[in-house]
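This report refers to the structure that appears directly beneath it.
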Amino acid sequence: MGYNLNVTIDKSSGFCFGVVYAIDMAEDILDNEEYLYCLGDIVHNDEEVERLKAKGLRIIDHEQLHQLSNEKVLIRAHGEAPSTYELALNNNLTLIDASCPVVLKLQNRIKNSHDDDEQILIFGKHGHAEVIGLQGQTNGKAIVFQDLAELDEMKLPNKFTLYSQTTKSTDKFYQIKDELLSRGYDVKANDTICRQVSNRYEELEKFVADFDKIIFVSGKKSSNGKVLYDVCKKYNTNSYFISNVEELDKNWFAPNDKIGICGATSTPMWLMEKVKLELESL
């Protein structure tokens, strides 16, 4: 006897425009050329990366970039530090720049702040591609922190400018801002969180409330995936995080359950559809 699950995919889940833009650009080139280098994972989703690798996408890191010359290299949505562009000029590399416009705008704002000699704090994930690109605008002088506890260990100047990685939680950003103000710092706060990401929080709150169980599909490396999964868990405690179909567990479900599927801004729709088919076949 089957489980007879009733499965719905969240319409507002799936790639954000920055990711769509980068992947479209890669596919256009790969339709005409045998291969294309991409600096870092084009998206924080292993399944989608594998699909594009099969089409000829070659993922390289910064070390390998130093060895390349006279080639085309795609810069993904997360953006890059100025040093990458300098290296490309020196090595005669053609950069296909798919940096997300929201990230580029933020890089520009941070560069202007730095040029005005402001001390910059960035609320973001250490080592994240976007954050490295942002810090690069300040010659590495910006202070990056993931949570307030890190700042307790540091001697901060009385006055500074606060920015955020584009995929962070809006609530957490404002909590941090208020806490720093209450500690007596002179904080010039810039909410630089992408609205396409933050709007998903509200949409998810509403979506997940209607189901018995929620399957959240995302790559393990996705910062945005972690934030959005926390939203699911908060509004529907029966939420499960998976990266691929193989991670589904029959024991999570009861017959006739209503199941909602949602994902990160880096989760491809085809993967959520694959999960839906698998659930419907149980």
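The values are calculated or read from the model by the stated rules, or taken from the named source; none is laboratory data. All of these numbers come straight from a predicted model, not from anything done at the bench. A quick note on method: Cβ atoms are made from the backbone with ideal geometry, for glycine too, and the neighbour counts reach across all protein chains shown. Calculation scope for accessible area: heavy atoms of the full protein, side chains included, ligands and nucleic acids excluded. Shrake-Rupley method; radii C 1.70, N 1.55, O 1.52, S 1.80 Å.
Say we look at the stretch 211-242 and pick out the residues that are assigned to a helix (DSSP H, G or I) and of a type in the set (A, V, I, L, M, F, W, C); which of these is modelled with the lowest pLDDT? Only one residue tops the list, namely Val227.
Against the numbered list (1) under 16 Å from Ser169 (Cα atoms); (2) modelled with pLDDT of 95 or more, Cys262 comes up short only at (1).
When Ser239 is evaluated against the numbered criteria (1) in contact with a Lys or Arg (Cβ under 7 Å, 6 or more places away or on another chain); (2) open to solvent by 10 Å² or more (accessible area, probe 1.4 Å); (3) among the small types (Gly, Ala, Ser), which criterion, by number, is the only one it fails? Answer for Ser239: the failing condition is (2).
Restricting Val245, Val227 to residues that are open to solvent by less than 60 Å² (accessible area, probe 1.4 Å), without any contact (Cβ under 8 Å) to a residue 40 or more places away in the chain and not aromatic (Phe, Trp, Tyr) narrows the list to Val245. Suppose we keep only residues that are part of a helix (DSSP H, G or I) and within 20 Å of the chain's Cα centre (by Cα) within the stretch 85-108. Which one would you say is farthest from Asp24 (Cα to Cα)? Ranking the qualifying residues of the stretch 85-108, first place goes to Asn108. Quick one: would you say Glu80 is at pLDDT 95 or above, under 17 Å from the mean Cα position of the chain (by Cα) and not in a strand (DSSP E or B)? So Glu80 fits the description; yes. Being touching a His at 6+ places or on another chain (Cβ under 8 Å) and open to solvent by less than 70 Å² (accessible area, probe 1.4 Å) is a description that applies to Thr138.
Could you say whether any residue in the stretch 177-186 is at pLDDT 95 or above, crowded, with 20+ Cβ neighbours inside 10 Å, of a type in the set (A, V, I, L, M, F, W, C) and touching a strand residue (DSSP E or B) at 6+ places or on another chain (Cβ under 7 Å)? No, the conditions are met nowhere in the stretch 177-186. Only residues that are within 16 Å of Gln64 (Cα to Cα), open to solvent by 50 Å² or more (accessible area, probe 1.4 Å) and not hydrophobic (A, V, I, L, M, F, W, C): list them for the stretch 81-123, please. Those that are within 16 Å of Gln64 (Cα to Cα), open to solvent by 50 Å² or more (accessible area, probe 1.4 Å) and not hydrophobic (A, V, I, L, M, F, W, C): Ser83, Tyr85, Glu86, Asn90, Asn92, Thr94. Of the residues making up the stretch 147-193, those that are assigned to a loop (DSSP other than H, G, I, E, B) and within 15 Å of the chain's Cα centre (by Cα) are Gln165, Thr166, Thr167, Lys168, Ser169, Thr192, Ile193. Might you let me know whether the stretch 129-138 holds any residue that is of a type in the set (Val, Ile, Thr), at pLDDT 95 or above and either more than 26 Å from Tyr85 (Cα to Cα) or part of a strand (DSSP E or B) (or both)? The answer is no, given that none of the residues of the stretch 129-138 is of a type in the set (Val, Ile, Thr), at pLDDT 95 or above and either more than 26 Å from Tyr85 (Cα to Cα) or part of a strand (DSSP E or B) (or both). As for the stretch 194-206, it holds at least one residue that is open to solvent by less than 70 Å² (accessible area, probe 1.4 Å) and over 19 Å from the mean Cα position of the chain (by Cα).
For the stretch 162-198, the tally of residues that are of a type outside the set (A, V, I, L, M) and in contact (Cβ under 8 Å) with a residue 40 or more places away in the chain stands at 14.
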